[in-house]
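> I'd like to ask you about the structure that follows.
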Amino acid sequence: MTQPAFLSKPMTAMTAAEWESLCDGCGLCCQIRVQDEDTGEIALSNAACRYLDLCTHQCSDYINRQQNVADCVKVTPENVHKLDWLPYSCAYRLVAYGQPLPEWHHLICGDRERVHDDGISMRGELISEDDAEWEDD
C-alpha cells in the first residue's frame, strides 16, 4: 500500500489540511463514554454527540464544535499521544505511533465509504444523545 507522501514528515510539520485529512470519518471519537462514579471505569454508550450526523458520520457544525460541546477535544499533533480513548483504528493515533494507514482508509483506497462498508465505523448502530435514555443514579 502506498502511503501519502506527507506522512514522511513529522506530525508537527504537517499542514492543517494534511493533518485534518487523516480523519477517516468513523465517528468513534464522537461516541459518548460514560464513567462509573464508583469505579472510574469508562464504558461506551450507544449514543453519539448530537452534532454527529448519523448518516455521513461528519460533525454537522465542525467549525464550532468546541463552542457547542464543552468537552469536545480537538485532536492535534501536540495532544494525540495523551488521548488514550482514541480507537486503535484511528488514523491520528496510527500516524502518531508510526503505523501505516490501513487499506480501508480513504487516503489509501480513495473511497470515503469504505470505512463504513468494512465495518470500522459505528454507522447504523449509534443514536443521537438527544434520543438516548439516560439513567440518573
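A short reminder: the numbers here are calculations on the coordinates, not readings from a lab. Keep in mind the model is a prediction, meaning the values are calculated, not measured. No Cβ is skipped: glycine too gets one built from the backbone with ideal geometry, and neighbour counts run over all protein chains shown.
> With (1) crowded, with 18+ Cβ neighbours inside 10 Å; (2) not in a helix (DSSP H, G or I) as the list, and R93 as the residue in question, which single condition is left unmet?
R93 satisfies all of (1) crowded, with 18+ Cβ neighbours inside 10 Å; (2) not in a helix (DSSP H, G or I) except (2).
> Moving on. On the basis of being assigned to a loop (DSSP other than H, G, I, E, B), closer than 23 Å to S128 by Cβ and more than 15 Å from the chain's Cα centre (by Cα), does A70 make the cut?
So A70 fits the description; yes.
> Please find, among R123, R65, the residue that is of a type in the set (K, R), more than 12 Å from the chain's Cα centre (by Cα) and in a loop (DSSP other than H, G, I, E, B).
None of the other options fit; the residue is R123.
> Limited to region 2-39, what total is found for residues that are surrounded by fewer than 10 Cβ atoms within 10 Å (Cβ to Cβ) and part of a loop (DSSP other than H, G, I, E, B)?
Qualifying residue count, region 2-39: 5.
> Anything in region 40-59 that is in a loop (DSSP other than H, G, I, E, B) and either more than 19 Å from E133 (Cβ to Cβ) or in contact with a helix residue (DSSP H, G or I) (Cβ under 9 Å, 6 or more places away or on another chain) (or both)? List them, or say none.
Across region 40-59, the qualifying residues are G40, E41, C49, R50, Y51, D53, C55, T56, H57, Q58.
> Among the numbered criteria (1) farther than 30 Å from P10 by Cβ; (2) touching an Asp or Glu at 6+ places or on another chain (Cβ under 6 Å), which one does V115 miss?
That leaves (1) as the condition not met.
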